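Report on one structure; see the data block that follows.
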Amino acid sequence: MKGIFTETVIEFLDRKQHWLLLLVTAIAAVVIYFAVKDKLDMVRSEITSQASLVQSASNSLSNSLTVVVLLSVLSTVFFIPRISRKGRVEFYLSKPITRQQLFLGKVISLWVIYSFMVLFCGTLVAVELSVLNALSLRSAFYILIMGAAAFTVWFSVTSFIGFWSKSVSISISTFAVVWLAQLLLKNRTSWTMEQRIFQYVLDTVYFILPKTSEMSGISVQLATGTAVSNFLPVFTSLFLAGVLIYSSMSVFIRRDF
């Protein structure tokens, strides 16, 4: 397991994804600085309230973290299919290691590395907002944790598709479709439909799909001290992540290489 983790770290560093994530975070930090600075000036001039500043800062942190999560998920897409490629998987299994140990070692290694990057990049922005007195670290904590949870959910989706299809292009396409679907179905209740059956179908699909956009909204509510009426998007999304990871392991263990 230790060897798999070390190998995964080396692959991660070789692909230079960490520089891309840090660059995006730096750009976000600069944009957020000027946006928050304007808000701070408005608060001092009593043009707007402190609550409005906190809301703006929370949204800024959440949005920047969403971009980092998106890039992190897309980065992991290239790792998963490689594990099942002919020649590579035989090399792994020629060692004293079971398929289950190989799967868990690789998946957990990727999850730990990229979750750390998500939290690290988010923390950099959170510290900036804290120094500017726009958002406390305690409030930012909710957004950071939810960002890590969102990465976990999407990582489980792309891992399942990657192990099932062994294709990077299919993994990326599926991820894009599911991401767009969860954004669209969030507003399904405002759609006008003549047939009730269509509403039931959409509700069912919505319940099954990840709901990370709503998880992000919940984290902002927690950060701003707003009461959250429904944590269902968080629970169902994390449950889906668990089911997909278990299913991915089943596919990998039973596959004839």
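The values are calculated or read from the model by the stated rules, or taken from the named source; none is laboratory data. Everything quoted here is computed from the prediction, not taken from an experiment. Cβ atoms come from the backbone with ideal geometry, glycine included; neighbour counts cover every protein chain shown.
For residues that are among the hydrophobic types (A, V, I, L, M, F, W, C), touching a helix residue (DSSP H, G or I) at 6+ places or on another chain (Cβ under 8 Å) and under 30 Å from residue 100 (Cα atoms), tally how many sit in the range 210-242.
Qualifying residue count for the region: 4.
For the range 230-257, what are the residues that are modelled with pLDDT of 90 or more and aromatic (Phe, Trp, Tyr)?
Listed by number, the residues that qualify are 231, 235, 239, 246.
State yes or no: is residue 160 of a type in the set (Phe, Trp, Tyr), touching a Phe, Trp or Tyr at 6+ places or on another chain (Cβ under 9 Å) and either over 22 Å from residue 243 (Cβ atoms) or part of a helix (DSSP H, G or I) (or both)?
So residue 160 fails the test.
Evaluate the following for residue 75: is it touching a Lys or Arg at 6+ places or on another chain (Cβ under 8 Å), part of a helix (DSSP H, G or I) and among the small types (Gly, Ala, Ser)?
Answer is yes for this residue.
Of 125, 118, which residue is farther than 22 Å from residue 77 by Cβ and either buried (at least 18 other Cβ atoms within 10 Å of the Cβ) or touching a Cys at 6+ places or on another chain (Cβ under 7 Å) (or both)?
125
Among the residues of the range 89-112, count how many are touching a Leu at 6+ places or on another chain (Cβ under 9 Å) and closer than 18 Å to residue 12 by Cβ.
The qualifying residues number 2.
Just need a number here: residues in the range 233-257 that are over 17 Å from residue 164 (Cβ atoms) and without any contact (Cβ under 8 Å) to a residue 12 or more places away in the chain.
Number satisfying all stated conditions: 2.
Looking at 181, 176, 227 in this structure, which one is within 16 Å of the chain's Cα centre (by Cα) and at pLDDT below 90?
The conditions single out 181.
Between a residue in the range 196-209 that is among the hydrophobic types (A, V, I, L, M, F, W, C) and any residue that is modelled with pLDDT under 80 and not in a helix (DSSP H, G or I), which pairs come within a Cβ distance under 9 Å, given they are 6 or more apart or on different chains?
Going by the 9 Å Cβ cut-off, the qualifying pairs are 198/191; 202/191; 202/193.
Please go through the range 203-217 and pick out each residue that is closer than 16 Å to residue 241 by Cβ and part of a helix (DSSP H, G or I).
Hits for the range 203-217 are 207, 208, 212, 213, 214, 215, 216.
Could you look through the range 63-72, keep only residues that are surrounded by fewer than 24 Cβ atoms within 10 Å (Cβ to Cβ) and of a type outside the set (Ser, Thr, Tyr), and pick out the one that is nearest to residue 15 (Cα to Cα)?
71
If I ask for residues that are surrounded by fewer than 17 Cβ atoms within 10 Å (Cβ to Cβ), without any contact (Cβ under 8 Å) to a residue 40 or more places away in the chain and touching a Ser or Thr at 6+ places or on another chain (Cβ under 9 Å), which ones from the range 131-163 would you list?
136, 137
Please go through (1) exposed (fewer than 14 other Cβ atoms within 10 Å of the Cβ); (2) at pLDDT 90 or above for residue 60 and return the number of the only condition it doesn't satisfy.
Among (1) exposed (fewer than 14 other Cβ atoms within 10 Å of the Cβ); (2) at pLDDT 90 or above, residue 60 violates only (1).
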